[in-house]
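Colleague: Please find one structure pasted underneath; my questions will follow.
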Amino acid sequence: MATTASSTALSGPRAEGPGIAALLIKLRALIALLVVFAFFSVMAPNFLSVGSMLIMAKHIAIIAILGIGMSYVILTGGIDLSVGSIAGLSGMVAGALILNGLVIEPLGYVIYPSIPVVILIVVVLGGLIGLVNGTLVTRFGVAPFIATLGMLYVARGAALLLSDGTTFSNLVGSPDYGNEGFPMLGASRMLGVPLPVLIVLVLALAAALVASRTPFGRHVYAVGGNARAALLSGVRVGRVKTAVYVISGMCAALVGLLVASDLVSAHPASGETFELSAIAAVVLGGASLAGGRGTIGGTIIGACVIGTLSDGMVMMGVSEFWQMVIKGTVIVAAVILDQLQSRLAGAKD
């Protein structure tokens, strides 16, 4: 009995429901993208201009990178509410390293790392925070919602402590310290394409291949589909769950670097509500909050929907308050569609 259940769990995403309704729900992200894009093309001035498209592509890249990490977490049945705060803290750490360097008080030295080293330090920091999240969930049995909500406040508080709540500005570095070039990460282009867009394309391709072609990817789906069956099949459930939080933390740190680089400044409040956009992108892209179902490609399309919706409303002059209402409505609608998709899949089974 256990073997049968395990085989089912290891077979990947659950089967979808039959009929046109199931097909429409499955393709909801693509349909929503077409509708949103067509609407703003007509209603928003300059929506189709090259400049607007490039700016929107950078915003979508930010949501997509967070969404990639969040996808892995949600595929295991978890949730990571700390990604926005990790992004904010990461930008602040990068700013502190560039402006103040690493202070080694016992020796009286101050070391100014080069930009590649700053990036490495910050991404590793994001991974370590993710490791703490994963450890809280797997070793101490803390619910993912509670563990990552606590980390949200810890990371936000740490970001505020780094600068007493002020902004690290003018992060251009100094030739005397050999740490110039940080703005290139978020603001430069290759062949006319913003670098963050190229980064997300590479990350999305790698993440999709890992999810669909590697044992780790199959284990992620298996843990989300049926953790007990996966455990009986020999999957190290705890390690898989911990690893996805590490991935999510590293993606959030990368986002923090890109945002700080693009703005050439870092603020402790940067990254607020990023977690909601990432969750919305993943769920709208077809992933189940219960775990075991979803794709990286769907998340990228979901990120395109959220990014297009956000920028389109800004171009139309929609107030920030109404933007929050509309985004919240989209998230609730995405969750309802997720429940409908699960019921249709259950009806088929």
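The values are calculated or read from the model by the stated rules, or taken from the named source; none is laboratory data. Small disclaimer: the values here were computed from a predicted structure and weren't measured. Cβ: placed from backbone, ideal geometry, glycine included. Neighbour counts: every protein chain shown. In case anyone asks, the SASA skips ligands and DNA or RNA and just uses the protein heavy atoms, side chains included. Shrake-Rupley method; radii C 1.70, N 1.55, O 1.52, S 1.80 Å.
Colleague: I'm told L81 meets every condition in (1) surrounded by fewer than 24 Cβ atoms within 10 Å (Cβ to Cβ); (2) part of a helix (DSSP H, G or I) except one. Can you identify the failing condition by its number?
Modeller: (2)
Colleague: Output the number of residues of the stretch 136-153 satisfying the condition of being closer than 28 Å to G95 by Cα and in contact with a helix residue (DSSP H, G or I) (Cβ under 9 Å, 6 or more places away or on another chain).
Modeller: Quick first cut of the stretch 136-153, residues closer than 28 Å to G95 by Cα only: 147-153.
Then drop every residue that is not in contact with a helix residue (DSSP H, G or I) (Cβ under 9 Å, 6 or more places away or on another chain), which leaves 147-148, 150-153.
So the answer is 6.
Colleague: When only residues in the stretch 201-220 that are surrounded by 15 or more Cβ atoms within 10 Å (Cβ to Cβ) and under 17 Å from the mean Cα position of the chain (by Cα) count, which is farthest from I55 (Cα to Cα)?
Modeller: Result: V220.
Colleague: Now a separate question. Take the stretch 249-284 and flag every residue that is among the acidic types (D, E) and surrounded by fewer than 24 Cβ atoms within 10 Å (Cβ to Cβ).
Modeller: Narrowing the stretch 249-284 to residues among the acidic types (D, E): 262, 272, 275.
Of everything in the stretch 249-284, those that are among the acidic types (D, E) and surrounded by fewer than 24 Cβ atoms within 10 Å (Cβ to Cβ) turn out to be D262, E272.
Colleague: Given the options L198, L191, L171, name the one that is farther than 28 Å from G294 by Cα, among the aliphatic types (A, V, I, L, M) and surrounded by fewer than 21 Cβ atoms within 10 Å (Cβ to Cβ).
Modeller: On the way: L198 fails: farther than 28 Å from G294 by Cα; L171 fails: surrounded by fewer than 21 Cβ atoms within 10 Å (Cβ to Cβ).
Within the list L198, L191, L171, the selection yields L191.
Colleague: Now, a different point. Give the residues of the stretch 285-299 that are part of a helix (DSSP H, G or I) and either open to solvent by 30 Å² or more (accessible area, probe 1.4 Å) or free of Cβ contacts under 8 Å to residues at least 60 places away in the same chain (or both), sorted by residue number. Break it down stepwise before answering.
Modeller: Step one: of the stretch 285-299, the residues part of a helix (DSSP H, G or I) are 296-299.
Listed by number, the list holds a single entry, G297.
Colleague: Residue under question is V240, and the condition is that it be assigned to a helix (DSSP H, G or I), of a type in the set (V, I, T), within 22 Å of L131 (Cα to Cα) and without any contact (Cβ under 8 Å) to a residue 24 or more places away in the chain; does it hold? Talk me through it step by step, then tell me what you get.
Modeller: Numbers: assigned to a helix (DSSP H, G or I): yes; of a type in the set (V, I, T): yes; within 22 Å of L131 (Cα to Cα): yes; without any contact (Cβ under 8 Å) to a residue 24 or more places away in the chain: no.
Taking the combined requirement at face value, the residue does not satisfy it.
Colleague: Select, from L185, L128, the only residue that is in a helix (DSSP H, G or I), in contact (Cβ under 8 Å) with a residue 12 or more places away in the chain and loosely packed, with under 15 Cβ neighbours inside 10 Å.
Modeller: Details: L185 fails: loosely packed, with under 15 Cβ neighbours inside 10 Å.
Unique residue meeting the criteria: L128.
Colleague: Exactly one condition in (1) in contact (Cβ under 8 Å) with a residue 40 or more places away in the chain; (2) over 23 Å from P113 (Cα atoms) is false for S163; which is it?
Modeller: Going through the list (1) in contact (Cβ under 8 Å) with a residue 40 or more places away in the chain; (2) over 23 Å from P113 (Cα atoms), S163 breaks only (2).
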